[in-house]
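The structure appears below as structure tokens.
The values are calculated or read from the model by the stated rules, or taken from the named source; none is laboratory data. Since the model is a prediction, treat every value here as computed from it, not as a measurement. Here Cβ is always computed from backbone atoms with ideal geometry, including for glycine, and neighbour counts include all displayed protein chains. Keep in mind that these areas ignore ligands, DNA and RNA; they rest on the heavy atoms of the full protein, side chains included. Shrake-Rupley method; radii C 1.70, N 1.55, O 1.52, S 1.80 Å.
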Amino acid sequence: MFSFISFHGHILAHRDFYLMGIPVAQAVSPQWNVVQLSADGNSLLGFADIRPHVEQSGEAKGLVSLKNGTQFMWNQPDGLLGWVPHNQNWERFAPVLSQHVPLLARLAQGKWLIAGKQTAERVSFSYFKLCLGEHNWDLRTLFLREKGDAIIISDGREPESVLQPSPLPVQKTFMVALAAQIKAMGESPFVQAAQAARQRLLVAPEDSGCLLDLAKNCAKIGQFGLARTAVLCAALQDFRPDLYLFSAILALREGETQQAADLANLALKGRFGDAPIPEQLTHLVQRTAQGEAALLLLPSALKELPDTEEFDPAFHFLMVPLPASMLRAEDVRQAYSYQFEQVASASTQEERLQLVQADQAQNRAQYWNQIVAGHYAWLNQDRASADPHYVTARKLSKDSGIKAVDYNCGVYTWLPEAAAYNLHEQQVTDQLGIAGWSWHSSVAPGRAEADAPDACLVFGCDSAYFRFVPKLVMSLMRACQAHPEQGRFRLCLGVDRATDEQLTLMRDLVAFFSEKDRGMDVSFTHGQLNHANKAAYTCIRYLMLPHIVGQWHCPVLTADCDGYFPHDFPALWQELKSGSDYGFRLYAYNHEGKQIAGEPWGFGAGLSYFGETELLPQIGRYLHNYVQRTYSLENPSNWCIDQCALAQAYSRFVAPRWNDLRIRFMDEGTPLMIMPHHVGGKDALLEHDGAVSEQDLRQFMQDNA
């Protein structure tokens with residue numbers, strides 16, 4: 001037996017003696033009877049005077065014309081029927097097996113998805129096809145069968161597809177379990193988030209992103225079973241290999257290492273397809289099966305493979321905390337430490353405390369939980385508790401060989417408050433070797449070398465970073481030339497291991513500014529640091545300060561040398577000087593002077609202003625001494641040492657008087673200097689507003705001789 005669907009997607013039905021084209025979803029309505037072909041195939045049941053004719057060739061092959069005498073029936077776009085003297089393809093009907101009509105109606109009543117291929121969408125009927133997203137099946141050769149809640153569909157052109165209803169049965173079960181969990185927990189952040197997610201799923205059950213958010217929230221409160229069910233629901237609707245990895249991470253957190261390995265293997269098979277999984281990745285899966293948290297090594301291993309897509313890191317935060325039994329291998333412990341620090345840095349204070357407590361319960365005191373405990377105390381304004389944690393973290397790091405993540409390297413050069421407080425009054429060993437450097441300063445005619453400028457602008461670099469110096473110097477020269485009435489500046493530059501060509505340029509600059517008064521001056525010092533590395537180079541400006549503030553009684557601006565001055569710098573300087581006592585890059589602080597994020601050394605050293613000249617000798621000596629006192633080859637790293645020095649100087653001389661001082665947030669308002677983060681990086685800065693070479697600087701000097 002056959003029924004008929006029109007070009008516009010209506011199924012032919014009748015009520016009493018009246019025919020109508022109705023939406024397929026209404027085909028099972030008791031108000032309508034779907035028309036069927038008679039057993040002999042010559043008429044419509046109940047309407048014997050209407051004769052069907054099956055087209056045998058061309059595009060219309062298999063379509064049916066319904067004819068009464070010389071008139072042909074056609075279904076209009078709104079479902080109404082009419083008669084025409086002749087018909088085209090779009091006025092014909094596609095026959096469908098009557099036994100399929102209930103399944104077609106079911107398909108039309110909700111959202112469906114092709115298993116593992118797409119998100120859920122509504123089925124439509126048009127152009128004699130059943131359509132689902134970008135897929136379609138010819139109604140003339142359509143065959144359907146049920147398999148549980150799914151419907152198997154084919155039309156003879158391609159292999160069968162499995163259409164799954166949305167929401168899936170497992171998702172209905174999940175929603176029931178989630179509702180019970182919400183009821184059991186009462187008021188909590190989890191309940192608020194879960195209820196918001198449930199609202200989204202009520203109208204969009206196929207929202208896989210919402211399901212994954214729910215999975216993460218469930219995992220955060222230890223409901224790993226619920227989390228894995230939520231990931232399964234998302235995977236059934238919007239499959240990608242990453243979801244296998246998410247499930248693997250959840251299994252790892254439950255201690256199911258073999259299951260975690262199996263799921264990780266499926267994720268890798270999904271990622272590599274027909275290509276073999278690289279041996280180093282297979283080895284990580286094997287280690288996982290043996291009880292190691294080797295999934296922690298997967299992101300870095302994938303990065304080392306060329307042209308390989310990495311997995312979504314959305315669930316990586318769940319790889320902490322883990323028990324010591326999974327962290328025996330050194331490489332796993334190091335990766336775990338990095339992961340722990342990264343998760344903690346993105347956490348709230350409450351989450352940070354819970355993470356530390358959970359990890360210490362499983363692993364006792366370790367470098368990673370001690371440094372995070374220090375951050376927790378520090379952000380609670382409790383330095384007395386924070387400093388001992390940092391001392392312990394530093395010792396545990398050195399003893400165990402576990403290294404800090406880059407932004408936590410300040411722990412190696414951070415001093416407790418008592419040890420740091422009076423550093424400016426102490427004698428320190430010149431372990432970096434700055435004392436023997438040679439100084440050269442310009443003296444304009446009619447002026448004495450000791451004459452104080454409006455400000456000293458202090459920079460330091462090595463011979464490689466000297467490539468930024470020509471643009472730095474020439475931008476200041478141009479600004480001073482354009483605005484001679486708004487300030488006199490002395491540019492002070494320290495260069496480690498300067499080349500002969502660089503030294504010649506600097507000496508020529510000193511001579512240039514000594515020939516006549518050009519509204520600015522230059523001083524430079526050069527020599528060799530005892531330790532040549534990036535951490536030491538950033539400290540040159542602080543190592544120079546005792547000499548500078550001893551020579552010139554004026555405010556000081558310290559800055560990275562990879563920057564340059566805007567044309568209106570003198571006016572901006574006057575605004576800064578008249579309205580501020582100090583200026584720092586306080587990106588982790590609020591305007592009440594409270595640090596609200598990051599680490600104690602989370603203190604931008606790229607641009608700082610010191611306006612209290614009477615305190616500058618103490619501050620200069622403090623910064624110098626701090627670097628000399630804490631720099632050590634025994635440290636795994638001295639990175640962040642300049643930030644430690646500046647943060648400690650701020651804590652010692654500025655923070656206690658916050659309410660009595662005028663503090664400028666240097667990242668706010670018009671930039672006093674153009675820095676890489678303003679223009680897209682260091683290379684971009686060299687080109688921004690025009691490149692300047694050493695030859696360009698010499699030409700400028702020649703033109704302005």
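Of all the numbered requirements in (1) part of a loop (DSSP other than H, G, I, E, B); (2) buried (at least 19 other Cβ atoms within 10 Å of the Cβ), residue 643 misses one, and that requirement is (1). Among the residues of segment 395-420, just one is in contact with a Ser or Thr (Cβ under 9 Å, 6 or more places away or on another chain), open to solvent by 40 Å² or more (accessible area, probe 1.4 Å) and within 21 Å of residue 629 (Cβ to Cβ), namely 417. Scanning segment 257-281 for residues that are loosely packed, with under 14 Cβ neighbours inside 10 Å and part of a helix (DSSP H, G or I) returns 258, 279, 280.
Here is a yes/no grid of residues against (1) within 26 Å of residue 461 (Cβ to Cβ); (2) open to solvent by 10 Å² or more (accessible area, probe 1.4 Å):
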residue: 554; (1), (2): yes, no
residue: 579; (1), (2): no, yes
residue: 590; (1), (2): no, yes
residue: 599; (1), (2): yes, yes
residue: 617; (1), (2): yes, yes
residue: 629; (1), (2): yes, yes
residue: 637; (1), (2): yes, yes
residue: 651; (1), (2): no, yes
residue: 663; (1), (2): no, yes
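The single condition among (1) surrounded by fewer than 16 Cβ atoms within 10 Å (Cβ to Cβ); (2) hydroxyl-bearing (Ser, Thr, Tyr); (3) in contact (Cβ under 8 Å) with a residue 60 or more places away in the chain that residue 385 does not satisfy is (3).
Checking each residue in segment 158-182 for being among the charged types (D, E, K, R) and at pLDDT below 85 picks out 158, 172. Applying the criterion of being closer than 18 Å to residue 101 by Cβ and among the aliphatic types (A, V, I, L, M) to the residues of segment 133-178, the residue that is surrounded by the fewest Cβ atoms within 10 Å (Cβ to Cβ) is 152. The single condition among (1) modelled with pLDDT under 95; (2) in a helix (DSSP H, G or I); (3) surrounded by fewer than 16 Cβ atoms within 10 Å (Cβ to Cβ) that residue 701 does not meet is (3).
Residues are listed down the side, and each one gets a yes or a no for (1) among the polar types (S, T, N, Q); (2) part of a strand (DSSP E or B); (3) free of Cβ contacts under 8 Å to residues at least 60 places away in the same chain:
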| residue | (1), (2), (3) |
| --- | --- |
| 8 | no, no, no |
| 14 | no, yes, yes |
| 21 | no, yes, no |
| 28 | no, no, no |
| 31 | yes, no, yes |
| 41 | no, no, yes |
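Going through (1) closer than 19 Å to residue 366 by Cα; (2) in a helix (DSSP H, G or I) one by one, residue 292 falls short only on (2).
If only one of 314, 301 is closer than 23 Å to residue 216 by Cβ and open to solvent by less than 50 Å² (accessible area, probe 1.4 Å), which one is it? Write out each step before concluding.
Values: 301 fails: closer than 23 Å to residue 216 by Cβ.
Result: 314 is the single residue among 314, 301 that is closer than 23 Å to residue 216 by Cβ and open to solvent by less than 50 Å² (accessible area, probe 1.4 Å).
Output the residue which, of all residues in segment 606-615 that are in a loop (DSSP other than H, G, I, E, B) and not small (Gly, Ala, Ser), is surrounded by the fewest Cβ atoms within 10 Å (Cβ to Cβ). Talk me through it step by step, then tell me what you get.
From segment 606-615, those in a loop (DSSP other than H, G, I, E, B) are 611-615; that's our starting set.
After this cut, where a residue has to be not small (Gly, Ala, Ser) as well, the list is 612-615.
Working: 612: 15, 613: 15, 614: 7, 615: 17.
Top of the filtered list is 614.
Looking only at segment 624-640, which residues are assigned to a helix (DSSP H, G or I) and either under 13 Å from residue 540 (Cα atoms) or charged (D, E, K, R) (or both)? Break it down into steps so the answer makes sense when it comes.
Taking segment 624-640 and keeping what is assigned to a helix (DSSP H, G or I), we get 624-630.
Answer for segment 624-640, where residues must be assigned to a helix (DSSP H, G or I) and either under 13 Å from residue 540 (Cα atoms) or charged (D, E, K, R) (or both): 624, 625, 626, 627, 628, 629.
Once segment 44-87 is narrowed to residues that are closer than 19 Å to residue 18 by Cα and of a type in the set (Lys, Arg), the residue that is most open to solvent (accessible area, probe 1.4 Å) is 51.
Any residue at all in segment 213-229 that's of a type in the set (Ser, Thr, Tyr) and open to solvent by 30 Å² or more (accessible area, probe 1.4 Å)? The answer is yes; a qualifying residue exists.
I'd like the full set of residues that are part of a loop (DSSP other than H, G, I, E, B) and over 29 Å from residue 535 (Cα atoms), limited to segment 646-668.
Filtering segment 646-668 for residues part of a loop (DSSP other than H, G, I, E, B) gives 661-662, 666-668.
Correct list: 661, 662.
Residues that are more than 24 Å from residue 320 (Cβ to Cβ): list the helices (runs of 4 or more DSSP H) wholly contained in segment 173-255 that include at least 2 such residues.
Working: elements: 189-203, 208-220, 224-237, 241-253.
Answer list for segment 173-255: 189-203, 208-220, 224-237.
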